[in-house]
1. Which ones in the stretch 1-47 are of a type in the set (Lys, Arg) and not in a loop (DSSP other than H, G, I, E, B)?
2. Can you pull out the residues in the stretch 1-41 that are among the aliphatic types (A, V, I, L, M) and either exposed (fewer than 13 other Cβ atoms within 10 Å of the Cβ) or under 17 Å from the mean Cα position of the chain (by Cα) (or both)?
3. Being surrounded by 13 or more Cβ atoms within 10 Å (Cβ to Cβ), among the hydroxyl-bearing types (Ser, Thr, Tyr) and farther than 13 Å from ILE18 by Cβ is the filter here, so list the residues in the stretch 42-84 that pass it.
4. Filter the stretch 29-43 for residues that are over 14 Å from CYS59 (Cβ atoms) and of a type in the set (A, V, I, L, M) and give the result.
Amino acid sequence: MNQREDKRFRIAYYEALIGIALVLINFLWWYGFAFGLGGQSVSEYDWILGMPAWFFYSCIVGFLMMVLLVIFVVKYLLTDIPFDDEEEEYHE
């Protein structure tokens, strides 16, 4: 059985694209808040819980958002597939 006939490769490709999307979301969130709100002098920063707003939103809120996104992806989008060579029915 080659890669074109094996459904597992199609599933793995789809899940790899989901992983890349998660990385891009995380980076864009972090970069947007870190450099968007942090590009001014320190005297002009807004502070949240003793931290600069750019740090709070990029690192704290971004981390919590990514944890929730990864939980959602693992629970609803990823598929459990067998690793053996026998062709079996798997969930898609």
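1. Step one: list which residues in the stretch 1-47 are of a type in the set (Lys, Arg), which gives 4, 7-8, 10.
Within the stretch 1-47, LYS7, ARG8, ARG10 qualify.
2. If the condition is that a residue be among the aliphatic types (A, V, I, L, M) and either exposed (fewer than 13 other Cβ atoms within 10 Å of the Cβ) or under 17 Å from the mean Cα position of the chain (by Cα) (or both), then MET1, ALA12, ALA16, LEU17, ILE18, ILE20, ALA21, LEU22, VAL23, LEU24, ILE25, LEU28 are the ones that fit.
3. Correct list: TYR45, TYR57, SER58.
4. Matches in the stretch 29-43: VAL42 only.
Coordinate-derived values only; no laboratory data. Source: prediction; values computed, not measured. No Cβ is skipped: glycine too gets one built from the backbone with ideal geometry, and neighbour counts run over all protein chains shown.
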